[in-house]
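The values are calculated or read from the model by the stated rules, or taken from the named source; none is laboratory data. Quick caveat, the model's predicted, so the values are computed rather than measured. When we count neighbours, we look across all protein chains shown, and the Cβ atoms used for this are built from the backbone with ideal geometry, even at glycine. Just so you know, the surface numbers come from the protein's heavy atoms only, side chains and all, with ligands and any DNA or RNA stripped out. Shrake-Rupley method; radii C 1.70, N 1.55, O 1.52, S 1.80 Å.
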Amino acid sequence: MTPTAYKQAAHTNSYEFTQGSGYQLPEYPFVPPPELGEARTRRHPIVIVGGGITGLTLACSLAKLGTPAILLDEDNTVGVKGASSRGICYTQKSLEIFQRLGLYDRIATKGIQWSVGRTFAGEDEVYSFDLRQQGGYNLSQQPPFINIQQFYIEGFLVERIAELGHVELRWQNRLTAFTQNADFATLTVETPAGSYVIEADHVIDATGSHSPLRQWLQVPFTSKRGDDRWCIADVRFTKRPPVERHTWVEAPFNENRAVWQHLMADDVWRIDYQMAPDSDPAHVSREDVVRERLSRQFGPDTEVEIVWVGPYAYRSECVHRMREGRVFFMGDSAKVVSPFGARGGNTGVADADNLAWKLAAVWRGRAHPALLESYGDERLEAAQQNVLVTNRTARFLRPADGVERLFRHAAIGLAKKHPFARTLMNTGRMAVANPYSRSRACTYAEGSAAGQSVQNVALRWANGSAGCVNELLNWAAGDLLLLVFGPLGRADLQRLKTLTGGAPLRAVQVPTGRERAQATEHVRDPDGHLRAACQLARPGWALVRPDGYLAASGAAFDGRLVAALERSLGLR
Ligand SMILES: Cc1cc2nc3c(=O)[nH]c(=O)nc-3n(C[C@H](O)[C@H](O)[C@H](O)COP(=O)(O)OP(=O)(O)OC[C@H]3O[C@@H](n4cnc5c(N)ncnc54)[C@H](O)[C@@H]3O)c2cc1C
């Protein structure tokens with residue numbers, strides 16, 4: 001199928017909010033793949049299996065970088081049929097990624113921005129934060145968080161992929177068997193019109209927490225399941241609570257168990273109630289029981305329209321390695337975390353953003369295939385960190401009897417009286433852009449913030465118009481970006497050219513004062529936000545990757561810059 005034919009076949013998003021029964025999700029057409037009935041077996045450079053938020057983000061990132069791929073999904077829609085949304089909160093880093101991919105405006109128009117969170121224990125507010133007041137959150141072009149139903153983002157990704165071309169989305173294409181050897185992988189795919197076989201250089205497993213690939217390849221992983229039980233009520237109200245994240249460690253209206261309250265798009269509130277460990281899911285989700293629970297929280301006179309009710313339990317899982325031969329694991333197929341802190345989908349998006357530019361660079365012959373190993377270094381560290389952080393929250397919310405319960409009791413008591421103890425209230429540490437501290441693709445040196453995410457801060461283009469880091473990254477079109485802060489003499493320019501000549505790199509000067517720019521490519525940083533985002537204390541250079549992470553920084557134009565460049569391209 002040609003990309004043009006695909007574009008015509010693709011549907012636009014058409015969600016319909018239907019009162020009382022949740023959402024009607026868009027349905028995408030099944031298009032018979034060209035391989036059906038073909039005698040020869042086609043080889044594809046990249047095959048993504050799974051069209052959830054992770055697989056679709058990867059597909060969109062590859063499309064943006066002009067890299068051909070096909071995506072197989074067994075379903076014909078986004079989201080989960082018959083359910084409401086799983087994910088609701090999306091972090092600044094994810095929003096920055098979506099802006100780079102060209103779908104942020106759709107998300108911002110539909111979603112709800114928030115930055116204030118309040119935690120209660122009993123009748124008392126024990127902790128609050130405003131992310132806009134914290135650190136660098138307010139420097140980015142994107143807000144700290146947007147709440148929106150996960151399927152909207154997935155639908156926007158589908159639309160955007162159709163606009164960009166290069167990637168073919170194959171709905172109702174289910175992976176049923178898989179083998180691999182040193183040269184390629186072989187995938188058997190079932191469709192409503194029969195099955196077919198394809199080969200692939202690289203396969204991405206984005207099939208979620210029940211990954212068949214993980215089972216077939218017998219990938220080792222650690223798994224933990226607790227007895228904590230929750231029940232979501234997605235509702236619409238006549239009254240409007242504040243647009244803030246409210247969490248109760250001990251809610252008097254929920255038998256002193258935890259409760260979450262958040263607004264999403266379409267005026268739908270997610271109220272998530274912790275249940276007794278031995279509770280019966282069928283009972284706690286019965287409409288009369290849910291209504292009774294809601295009326296205890298909001299008062300008997302509040303009119304509530306129930307959009308969806310979903311009881312759930314969670315587990316935590318993490319693979320021991322992110323790659324098995326030609327297969328890369330990402331999103332929930334690599335790790336599963338409890339929902340506290342919104343770390344599941346957001347890290348799936350980050351996994352995808354991390355691998356996309358590396359796959360694209362290798363496919364275009366602009367990086368060595370060894371660069372792909374850094375995906376495992378970086379994203380396994382992130383996965384482990386997210387599992388650790390969410391497990392701590394889970395234990396705070398459902399402490400074991402004995403010392404853990406005593407600690408929590410003491411922590412709540414202290415937090416009510418003393419500000420220093422407020423941070424002990426762990427109702428979910430919100431997801432962040434995970435730093436990479438042990439990546440072979442980053443160059444760690446004293447004073448360098450290598451491995452940290454560079455925020456999407458504002459800057460000025462040479463002609464004075466407003467710009468941002470993402471626009472610079474898009475201009476670099478998948479190559480590395482070398483930002484040179486400060487004056488550049490003729491000799492410096494020559495040296496830079498000699499050192500970096502021929503490398504897949506776009507260099508840009510950022511004068512730090514009022515001096516004239518010497519390099520042809522330059523931007524202005526009038527408020528110093530760009531330099532701050534690269535964490536450079538004084539003039540020097542910063543090597544920024546297409547995923548907005550700092551690969552290295554330094555002061556002099558010497559062999560260290562060349563070494564850092566080589567490391568970022570998998571050449572060392
Ligand atoms: C109650 C709850 C609240 C949450 N809240 C948040 C939140 O606020 N923020 C957040 O970031 N995360 C949140 N999460 C987590 C988030 O929903 C998941 O981490 C996310 O859905 C993982 O996305 P994924 O694309 O990796 O996997 P999935 O969404 O599971 O997608 C997998 C895809 O693979 C396809 N597939 C499976 N097998 C095959 C096959 N054999 N062949 C072809 N296709 C196949 C499926 O059809 C599906 O489309 C929440 C989760 C829950 C349960």
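Counting pairwise Cα distances across region 342-454, what percent come out greater than 20 angstrom? Numbers along the way, then the final one.
Values: 3566 of 6328 pairs.
Distances greater than 20 Å cover 56 percent of the Cα pairs.
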Item to check | In Å², nearest 10: area of M430 left accessible to a 1.4 Å probe | outcome: 30
Item to check | Average accessible surface area per residue within region 182-264, 1.4 Å rolling probe, Å² | outcome: 42
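Take the Cβ-Cβ distance between A537 and D558 as r, set R0 to 22 Å, and report the resulting FRET efficiency rounded to the nearest 0.05.
Details: r = 19 Å, r/R0 = 0.85.
Taking R0 as 22 Å, the efficiency between A537 and D558 is 0.70.
So how do F340, F407 rank on accessible area, 1.4 Å probe, biggest first, that is with the largest at the start? Walk me through the numbers before you get to the answer.
Numbers: F340 5, F407 105 Å².
Ranked list, largest accessible area first: F407, F340.
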Item to check | Accessible area, probe 1.4 Å, largest first, for residues L571, L459 | outcome: L571, L459
Item to check | Inter-probe distance in nm under a simple model that places probes 7 Å from Cα toward Cβ, at T498 and D267 | outcome: 6.9
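Of L371, L406, which has the most accessible area and how do the rest follow, probe 1.4 Å?
Numbers: L371 5, L406 120 Å².
Order by accessible area, largest first: L406, L371.
With 21 Å as the limit, write out which pairs from K81/K224; K81/K335; K358/K497; K93/K335 have Cα-Cα distances beyond it, or answer none.
Working: K81/K224 27 Å; K81/K335 23 Å; K358/K497 24 Å; K93/K335 19 Å.
With Cα atoms farther than 21 Å apart: K81/K224; K81/K335; K358/K497.
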Checklist entry - Roughly how big is region 167-264's charge dipole about its Cα centre, with Cβ charges of +1 (Lys, Arg) and -1 (Asp, Glu), in debye to the nearest 20? => result 540
Next on the checklist: Placing unit charges on C-beta atoms (Lys and Arg positive, Asp and Glu negative, everything else neutral), compute the dipole magnitude of the chain about its Cα centre in debye, rounded to 20.
Outcome noted: 1680
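May I ask you to order 505-517, 349-361 by the average number of other C-beta atoms within 10 Å around their residues, highest value first? Present the calculation step by step, with values, prior to reporting the outcome.
Details: 505-517: 16.6, 349-361: 27.5.
Sorting 505-517, 349-361 by mean packing, highest first, produces 349-361, 505-517.
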Checklist entry - Given H placed on each backbone N at 1.01 Å, which residues far from V126 in sequence or on other chains put an amide H within less than 5 Å of it? => result T119, F120, A121
Next on the checklist: If I ignore ligands, DNA and RNA and count only protein heavy atoms, how much of T77 is accessible to a 1.4 Å probe, in Å² to the nearest 10?
Outcome noted: 10
Next on the checklist: Just want the answer: with Cβ charges of +1 for Lys and Arg and -1 for Asp and Glu, which residue in M430, N181, G570 is farthest toward the dipole's positive end in the chain?
Outcome noted: G570
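Report the Stokes-Einstein translational diffusion coefficient (µm² s⁻¹, integer) for the chain, Rh taken as the Kirkwood radius over Cα pairs, at 25 °C with viscosity 0.890 mPa s.
Stokes-Einstein gives a translational diffusion coefficient of 98 µm²/s.
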Checklist entry - Across the Cα atoms of region 114-252, what radius of gyration and what greatest pairwise Cα-Cα distance (Dmax) are found, in Å? => result 22.6, 63
Next on the checklist: Once you order the gyration tensor axes a ≥ b ≥ c over the Cα atoms, which shape class does region 27-113 get: rounded for a/c under 1.5, otherwise prolate or oblate by comparing a/b with b/c?
Outcome noted: oblate
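Hey, how much of the P(r) for region 262-354 falls beyond 19 Å, as a percent of Cα pairs?
On the way: 2469 of 4278 pairs.
The share of Cα pairs beyond 19 Å in region 262-354 comes to 58 percent.
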Next on the checklist: Under the rule of at least 5 residues apart or a separate chain, name every residue whose amide H is placed under 5 Å from the amide H of C468.
Outcome noted: L459
Next on the checklist: Binning at 5 angstrom from zero up to the longest distance, how are the C-alpha pair distances of region 466-545 distributed in percent?
Outcome noted: 3, 15, 28, 27, 19, 7, 0
Next on the checklist: Starting from 0.36 nm per residue, how many nanometres of slack lie between S195 and T423 once their C-alpha separation is accounted for?
Outcome noted: 76.6 nm
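If you roll a 1.4 Å probe over the chain with all protein chains in place, what percent of the accessible area is carbon or sulfur?
Numbers: 11490 of 23390 Å².
Within the chain, the accessible surface is 49 percent carbon and sulfur.
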Next on the checklist: If you take every DSSP beta bridge fully contained in region 473-572, what fraction is antiparallel? Give it as a percent rounded to 5.
Outcome noted: 55
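Which value, in debye to the nearest 20, gives the size of the charge dipole of region 77-131 about its Cα centre, when Lys and Arg are +1 and Asp and Glu are -1 at the Cβ?
Details: 7 positive and 6 negative charges, 109 e Å.
In total the dipole reaches around 520 debye.
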Checklist outcome for this item: With all protein chains in place and a 1.4 Å probe, K417 shows an accessible area in Å² (nearest 10) of 150
Checklist outcome for this item: For region 283-331, whose charge dipole is built from +1 on Lys and Arg Cβ atoms and -1 on Asp and Glu Cβ atoms, the candidate among V289, W308, F329 with its Cα farthest towards the positive end is F329
Checklist entry - Suppose R0 equals 22 Å; then what is the FRET efficiency for A491 and Y444 from their Cβ-Cβ distance, rounded to the nearest 0.05? => result 0.15
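Skip the ligands, DNA and RNA, and give the accessible area per residue of region 399-467 with a 1.4 Å probe, whole Å². Working shown, then result.
Details: 3700 Å² over 69 residues.
Value for region 399-467: 54 Å² per residue.
Per 0.36 nm of contour for each residue apart, how much would the distance between N391 and S437 grow if the chain were fully extended, relative to their Cα-Cα spacing? Each step should come with its number before you reach the end.
On the way: separation 46, 0.36 × 46 = 16.56 nm, distance 2.11 nm.
Between N391 and S437, full extension yields 14.5 nm more.
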Next on the checklist: Using 0.36 nm times the number of residues separating H368 and T186, minus their current alpha carbon distance, what extension gain do you get?
Outcome noted: 63.2 nm
Next on the checklist: Give me the 1.4 Å probe accessible area per residue for region 277-356, excluding ligands and nucleic acids, in Å².
Outcome noted: 36
Next on the checklist: Ranking request for peptides 382-389, 123-130: highest mean number of other beta-carbon atoms within 10 Å first, then the rest in descending order.
Outcome noted: 382-389, 123-130
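Run lengths n ≥ 4 of DSSP H only: what is the helix-derived mean residue ellipticity at 222 nm for the chain, with -39500 (n - 2.57) per run over all residues, to the nearest 500? Could you put the intermediate results ahead of the total?
Working: 15 runs with 166 residues, N = 572.
Here the helix-only value at 222 nm equals -9000 deg cm²/dmol.
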